[in-house]
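Student: This is the structure, below, for whatever I ask next.
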Amino acid sequence: MADALTHAATMVGRSVRLSSRNPDAVITALALPVLLMLVFVYLFGGAIDTGGGYGRYVDYVAPGVLVLCAGFGAGTTAMSVADDMKGAVIDRFRSLDVGGTAVLAGHVAASVVRNLAATVLVFGVAFAVGFRPEAGVGGWLASAGLLLAVITAISWVAAAFGLLADSPEAAGGFTFFLAFLPYPSSAFVPVDSMPGWLHGFAEHQPLTPVIESLRGLLLGRPVGGSPWEALAWCAGLTAVSVAAAAALFRRRTS
Amino acid sequence: MPQPARPAVEAAGLTKAYGRTTVLDGVGLSVAPGTVFALLGPNGAGKTTTVRILATLLRADAGGARVAGFDVAAERSRVRRAISLTGQYAALDEQQTGAENLRMVARLSGLSRPAARRRAAELLERFALAGDAADRRVGTYSGGMRRRLDLAAGLVGDPSVIFLDEPTTGLDPRSRQAVWDEVRRLADAGVTVFLTTQYLEEADRLADRIALLDGGKLVAEGTAAELKQQVSAERLDLTLVSPEAYEEVAHALGHLTVRRDPATRTLGVTTDGRAAHIRDLLDAVDPDRTLIERFALHSATLDDVFLKVTRDG
Ligand SMILES: Nc1ncnc2c1ncn2[C@@H]1O[C@H](COP(=O)(O)OP(=O)(O)OP(=O)(O)O)[C@@H](O)[C@H]1O
Ligand SMILES: [Mg+2]
């Protein structure tokens, strides 16, 4: 048990350090969030009418950009997992009796750290361009918890894809759809404005309750049951991905 | 009277196939504790596969093995705690420094943070990587430095059995010598070293016992001296007068030939070194005494053994 904890802690330290030295990971975690926020607010924002009494587009779009960043971050995570699996380094870890859980926990923890940095930046830029949330302490705490749950879920999904892919390039490809998933949701434009055939998917996909909840919580509006729905999605996705990742790791290393 | 020590590595009937390709076909071997064992074989012989099975990273389809007294299939964790593996390709993080890599391995081996720091410093010193190199990222290291760091990483946990998969492939003579010195030092300290190599010279110099692996089968096993005896002690090199003569004699000798060098028109055959045998042999292939320009007698090398057993087998 003590062993497993030391292993996990050591692997977390390793993955965080490797991330901080991987230019791709740093750009995705630090530059991309800033750029995306500015692109949405200044390039698209002027043309988008979200209706429903959102004064500024930034108030509407901030949660969507947060989730979009997590989607992009998934690519980094999947690639770093795939990179480990193809290299000789995984043999060394296994010969040191380090379990798959510790290796993957390292990657997921580093992913969460990168995404939290991205989140802070998105909020920073959003404030700078006029985002004025009206959440109280409870709303902020709930938002933070929900964000953490989403980021964790997406990170585990990415880790599982990294194990499924047989090369880092393929892993990057697999996670492409995670970076795309926020678009057909209420992240950037209201679902009503989309073609009819897309409504079903856009309203029921996992990111919609997440984004609706974040938006509501931050702007101090009623959110109904959507935070619970969002949490259920996150918990479900995390559980499935953790199990899938464990099984894939075993398959890859036997 | 001391008890005869149990083998440090013992395997029987190891078999592994990928699809229809049989990669290992009933490999059995035994390595006494504190000795150096070399598994010698060409590309694709199955060396890495054997090592990975013995190091618990791969399961054999059939057969079994015990390492440091533990079963590699049923007692993986105990085997892992007793061994270390330095694989064919460097298992290092390019984006971490040498010191960071070693400290990480030390922590994973169960050392406390201060102990890990000390152990890393000690090993960096021992492998001539202290100072500036220690704090440089491994991505900037030369091939020799990487290999040394990789070896050092294998020694962090004080293993009693060390597996080295082609530890010197691709190294220049000086780095190779450094690795050889280190292997000897380990053996002197009582560690069992199981190494694989494609170089006969390396096996000859380092190993107490050598096994020849070819096409997934062990084709010979013994000390270097025993193996050389298998082919007979001497090799007779015949230099022919012309390329035509070379072809003719090569044909006449057939599978007796253990060495061919068309560039110098030289053919090597094994002999026990007796004058009568050499005279008969020369008369038999060159009755008119016109084809052979000169001959020379050498002690057989492991190369000769290898060529002979792989050709006959
Ligand atoms: N995962 C795999 N799938 C299919 N074939 C494999 C696999 N691993 C190894 N092989 C095959 O098994 C054979 C033996 O491989 P192995 O790596 O053990 O040889 P080796 O003696 O270590 O060779 P080298 O000197 O090139 O390292 C080779 O023909 C190789 O192609
Ligand atoms: Mg090999």
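Student: Mind checking the mean number of beta-carbon atoms from other chains within 10 Å of the Cβ atoms in B:104-111?
Tutor: Taking all residues of B:104-111 together, the mean is 6.
Student: Using a 1.4 Å probe over the heavy atoms of the protein chains, calculate the carbon and sulfur portion of the accessible area of segment B:177-278 as a whole percent.
Tutor: Summing carbon and sulfur atoms, their accessible area is 49 percent of the total for segment B:177-278.
Student: Any residues in segment A:20-60 that have 30 Å² or more less accessible area with all protein chains than in their chain alone, probe 1.4 Å, and which are they?
Tutor: A:Arg21
Student: Show that you can apply the helix-only estimate: for chain A, add -39,500 (n - 2.57) for every DSSP H stretch of four or more residues, divide by all residues, and state [θ] at 222 nm to the nearest 500.
Tutor: When only DSSP H runs of four or more count, the value is -24000 deg cm²/dmol.
Student: Once each part is reduced to its C-alpha centroid, what is the distance from segment B:26-105 to segment A:8-63 in angstrom?
Tutor: 44
Student: Between 0 and 90 degrees, rounded to the nearest ten: what's the tilt of helix A:2-20 against the longest Cα principal axis of chain A?
Tutor: 60
Student: Still on this model: For the protein assembly as shown, what value does the Rg/Rh ratio take when both radii are computed over Cα atoms and Rh is the Kirkwood radius, given to two decimals? All intermediate terms of the calculation are to be shown ahead of the outcome.
Tutor: Details: Rg = 31.9 Å, Rh = 27.8 Å.
Using Cα coordinates only, the ratio equals 1.15.
Student: Indicate the gyration tensor shape class of segment A:190-235 (rounded, prolate or oblate), computed on the Cα atoms with a ≥ b ≥ c the square roots of the eigenvalues: a/c under 1.5 is rounded; otherwise a/b larger than b/c is prolate and the rest oblate.
Tutor: The shape class here is oblate.
Student: Can you tally the lysine pairs in the protein assembly as shown where the Cα-Cα distance is under 23 Å and the two residues are eight or more apart, or on different chains?
Tutor: So the count works out to 10.
Student: I've got another one for you. Does segment A:101-200 classify as rounded, prolate or oblate by the C-alpha gyration tensor (a ≥ b ≥ c root eigenvalues; a/c under 1.5 gives rounded; else a/b over b/c gives prolate, otherwise oblate)? Each step should come with its number before you reach the end.
Tutor: Working: a/c = 2.22, a/b = 1.24, b/c = 1.79.
Since a/c reaches 1.5 but b/c is at least a/b, the shape of segment A:101-200 is classed as oblate.
Student: Also, quick follow-up: Limiting things to C-alpha atoms, what are the Rg and the maximum Cα-Cα separation (Dmax) for segment B:107-212, in angstroms?
Tutor: Considering segment B:107-212 through its Cα atoms, Rg and Dmax are 14.3, 44 Å.
Student: How big is chain A in terms of Cα radius of gyration and Dmax, in angstroms?
Tutor: So, for chain A, Rg and Dmax equal 18.7, 60 Å respectively.
Student: Mind giving me the FRET efficiency for A:Ala128 and A:Ala235? R0 is 51 Å, r the Cβ-Cβ distance, nearest 0.05 is fine.
Tutor: 0.90
Student: For helix A:207-219, report the angle its Cα long axis makes with the longest principal axis of the Cα atoms of chain A; keep it between 0 and 90° and round to the nearest 10°.
Tutor: The angle comes out near 60 degrees.
Student: So what's the Cα pair-distance distribution over segment B:9-229, bin width 10 Å, in %?
Tutor: Percent of pairs per bin, in order: 8, 34, 36, 19, 4, 0.
Student: Among B:188-198, A:106-116, B:137-147, how do they line up from the highest to the lowest mean number of other beta-carbon atoms within 10 Å?
Tutor: A:106-116, B:188-198, B:137-147
Student: Still on this structure: Give the distance, in whole Å, between the Cα centre of segment B:127-169 and the Cα centre of segment B:187-236.
Tutor: A separation of 25 Å, based on Cα centres.
Student: Give me the net charge of B:Leu171's neighbourhood, meaning all other residues with Cβ under 15 Å from the Cβ of B:Leu171; Lys, Arg count +1, Asp, Glu -1.
Tutor: Details: positive: B:Arg146, B:Arg147, B:Arg148, B:Arg174, B:Arg176, B:Arg205; negative: B:Asp150, B:Asp165, B:Glu166, B:Asp172, B:Asp181, B:Glu182, B:Glu201, B:Glu202.
Here the charged neighbours net out to -2.
Student: In Å², nearest 100, what accessible area do chains A and B bury in total when the solvent probe is 1.4 Å?
Tutor: 2200
Student: To the nearest whole number, what is the average tally of beta carbon atoms from other chains within 10 Å of the beta carbons of peptide A:8-17?
Tutor: Neighbouring Cβ atoms belonging to other protein chains average 3 per residue here.
Student: Short version: what are the Cα gyration tensor semi-axes of segment B:152-289, square root of 5 times each eigenvalue, largest first, in whole Å?
Tutor: Each semi-axis is the square root of five times an eigenvalue, giving 40, 16, 13 Å.
Student: If packing is taken as the average number of other Cβ atoms within 10 Å across a peptide's residues, how do A:17-27, A:65-75 rank, most packed first?
Tutor: Numbers: A:17-27: 16.5, A:65-75: 26.5.
The most tightly packed comes first, giving A:65-75, A:17-27.
Student: OK, next. Which of B:Asp25, B:Asp214, B:Asp132 ends up with the largest GNM mean-square fluctuation for chain B, with Cα atoms connected below 10 Å?
Tutor: Checking each option, the largest mean-square fluctuation is seen for B:Asp132.
Student: Let me ask you something else. Calculated from DSSP H runs of 4 or more alone, at -39500 (n - 2.57) each and per residue, what is the 222 nm mean residue ellipticity of chain B, nearest 500?
Tutor: -11000 deg cm²/dmol
The values are calculated or read from the model by the stated rules, or taken from the named source; none is laboratory data. Quick caveat, the model's predicted, so the values are computed rather than measured. For neighbour counting, all protein chains shown are included, and Cβ atoms are generated from backbone atoms with ideal geometry for every residue, glycine included. Calculation scope for accessible area: heavy atoms of the full protein, side chains included, ligands and nucleic acids excluded. Shrake-Rupley method; radii C 1.70, N 1.55, O 1.52, S 1.80 Å.
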